[in-house]
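Let me begin by handing over the structure; questions about it come next.
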Amino acid sequence: MVTGKEWGTLGEAVHSFQLEQRARGVSPHTFRAQAGDLEKLLEHAVRAHWLVWEVTPRTLRGFALELGDRGLDPASQARILSTVRGFFKWLWETQRIEKNPASGLRNPKQPKRLPAFLTEGESRSLLDLPQPVDFPTARLACLLELLYASGLRVSELVGLDLQDLMMDQRTLRVMGKGRKERQVPYHAQAAEVLESYLAFRSSFLMVKALPPIPALFLNQRGGRLTTTSVRALLRSALEAAAVRSRVSPHALRHSFATHLLNHGMDLRAIQELLGHASLSTTQRYTHLGLEELARTYEKAHPRAKS
């Protein structure tokens, strides 16, 4: 086995690791992020006077503690430590070091983040905003209505084809994560908005002399609408409806789940509608439900009013 001292310096090892990562075809974004993470590792190694190849779990824990002392948020710390673990695993797998000192390196505890959601009033304001008078406005109205009516992910929404519409049953056939198919119902009002959009969609293809396409939601060139375009459209709609800032398009999915839970739907039924593999993922919404319950309690209890 080639030992670290015979092989070269820590900086050289980082350079070789990056060359291999580039050869493997990692995305430019990932490559830049890893480069920045490992630069922080090298800076710490110089300040802490590491003996290059005598890195131990204890010295790496010192690096992890420094990240926290610098005020980096837990998510950023976790990303950097993930890169460091990958780097030392590579050193060990390529026999550049005899032991992997990063195998037990743990991420900082992540705070539990509750998903952002709209109130029922905000949801109404958002959905009542677009008036379907042409293809773009009908499409926006349908996007918003179906997201809130069915709780779809944006990626699932743009993946819908015409054949996935079971309009007689008011049901969508959805291909979710892991290529798992599920059927999701939508209500009568959403059905009306959908039928209106389909009429404008048909006229749009005819006027533009475009060939038929299976995708339900089309862009202005007659191709399938992308997730990036949908997110941009929804952000504009959220701003136009004067909905609170920093609410993502995904908030409609969270609002769908939260409002159903607040109105008494069983958590396992919501799990099925959302396509969650684990009930624990859906249980995040119970916290939101409890917050709403607490606000209702404060308004209703005679002693709380005082």
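Considering only residues of region 9-28 that are within 24 Å of ALA64 (Cα to Cα) and modelled with pLDDT under 85, which is surrounded by the most Cβ atoms within 10 Å (Cβ to Cβ)?
Once the filter is applied, the top-ranked residue is LEU10.
With respect to the numbered conditions (1) surrounded by 13 or more Cβ atoms within 10 Å (Cβ to Cβ); (2) over 20 Å from the mean Cα position of the chain (by Cα); (3) not in a helix (DSSP H, G or I), which one is the sole condition not fulfilled by TRP92?
Failed condition: (3).
Quick one: ALA294 ticks every box in (1) hydrophobic (A, V, I, L, M, F, W, C); (2) at pLDDT 65 or above; (3) part of a helix (DSSP H, G or I) bar one, so which box is it?
Result: ALA294 passes all but (2).
Looking at GLU98 and the list (1) without any contact (Cβ under 8 Å) to a residue 12 or more places away in the chain; (2) loosely packed, with under 13 Cβ neighbours inside 10 Å, which single condition is not satisfied?
Failing condition for GLU98: (1).
With respect to the numbered conditions (1) within 21 Å of LEU267 (Cα to Cα); (2) without any contact (Cβ under 8 Å) to a residue 40 or more places away in the chain; (3) not in a strand (DSSP E or B), which one is the sole condition not fulfilled by LEU152?
Of everything listed in (1) within 21 Å of LEU267 (Cα to Cα); (2) without any contact (Cβ under 8 Å) to a residue 40 or more places away in the chain; (3) not in a strand (DSSP E or B), LEU152 misses just condition (2).
Additional query: When you scan region 220-262, how many residues do you find that are within 17 Å of the chain's Cα centre (by Cα), over 27 Å from MET206 (Cα atoms) and not in a helix (DSSP H, G or I)?
5
Here is a further query. Check region 47-55 and report whether any residue there is at pLDDT below 90, in the same structural domain as ARG24 (by TED's automatic domain parsing) and either in contact with a strand residue (DSSP E or B) (Cβ under 9 Å, 6 or more places away or on another chain) or part of a helix (DSSP H, G or I) (or both).
Yes, some residue in region 47-55 is at pLDDT below 90, in the same structural domain as ARG24 (by TED's automatic domain parsing) and either in contact with a strand residue (DSSP E or B) (Cβ under 9 Å, 6 or more places away or on another chain) or part of a helix (DSSP H, G or I) (or both).
Got a number for residues in region 16-47 being more than 23 Å from the chain's Cα centre (by Cα), among the hydrophobic types (A, V, I, L, M, F, W, C) and more than 20 Å from ILE97 (Cα to Cα)?
Here the count works out to 2.
Any residue in region 229-245 that is free of Cβ contacts under 8 Å to residues at least 40 places away in the same chain, among the basic types (Lys, Arg), assigned by TED's automatic domain parsing to the domain that holds LEU140 and surrounded by 13 or more Cβ atoms within 10 Å (Cβ to Cβ)?
Scanning region 229-245, I find at least one residue that is free of Cβ contacts under 8 Å to residues at least 40 places away in the same chain, among the basic types (Lys, Arg), assigned by TED's automatic domain parsing to the domain that holds LEU140 and surrounded by 13 or more Cβ atoms within 10 Å (Cβ to Cβ), so the answer is yes.
Further question on the same structure: Of these, LEU129, LEU157, LEU144, which one is in a loop (DSSP other than H, G, I, E, B) and more than 23 Å from LEU60 (Cβ to Cβ)?
Details: LEU157 fails: in a loop (DSSP other than H, G, I, E, B); LEU144 fails: in a loop (DSSP other than H, G, I, E, B).
That would be LEU129, the only listed residue that is in a loop (DSSP other than H, G, I, E, B) and more than 23 Å from LEU60 (Cβ to Cβ).
Let me spell it out: the conditions are (1) surrounded by fewer than 16 Cβ atoms within 10 Å (Cβ to Cβ); (2) out of contact with any Lys or Arg (no Cβ under 8 Å at 6 or more places or on another chain); (3) within 26 Å of GLU20 (Cβ to Cβ); (4) not basic (Lys, Arg), and PRO136 meets all of them except one. Which number is the exception?
Looking at each condition in turn, PRO136 falls short on (3).
Can you go through VAL184, VAL174 and tell me which one is within 19 Å of the chain's Cα centre (by Cα) and part of a strand (DSSP E or B)?
After ruling out the rest, the residue left standing is VAL174.
The values are calculated or read from the model by the stated rules, or taken from the named source; none is laboratory data. Please read these numbers as outputs of a predicted model, since none were measured by experiment. Because the Cβ atoms are built from the backbone with ideal geometry, glycine has one as well, and the counts that use them run over all protein chains shown.
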